[in-house]
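Input: a single structure, listed below in C-alpha cells.
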Amino acid sequence: MRYQSSTTKRRFLAGVRCPKCQVMDAVVQINIVEPEPDEYIECTQCGHTEHRPDPDDISAKNHAEDQMYRDAMNTGTSGTVKFKP
Ligand SMILES: [Zn+2]
C-alpha cells in the first residue's frame, strides 16, 4: 500500500515572485483535499506560505446594486412635486 497521498497537488508557478523573499520562479501552488479542501502558495526558497484571495469575498455586484438603489431614492425624493390647479 502506498502511504503517500495522491490528493495533494503541487504545481510550479512560472514567473511568480515570492511576496516575502522576492525570489522569482520559486513559488508552487498547492492544492490539498484533506483534512479539508484548501489552496495556497508556498515558496520553495524561504518556506513562506500564503492563501490566495477568495474571489467570492468580492461583492462588487452587490455594491453596484446598492448604488443603483440609492440613485433611485435620490431622484424620487429630491424632486419638488408641484400641483397645478
Ligand atoms: Zn520566498
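Just so it is clear, none of the values below were taken in a lab; they were calculated from the coordinates. Since this is a predicted model, take the numbers as computed values, not measurements.
Descriptive notes on the structure:
- Relative contact order [Cα under 8 Å, 6+ residues apart], segment 1-54, whole percent: 26 percent
- Cα pair distances exceeding 13 angstrom across segment 1-54, given as percent: 59 percent
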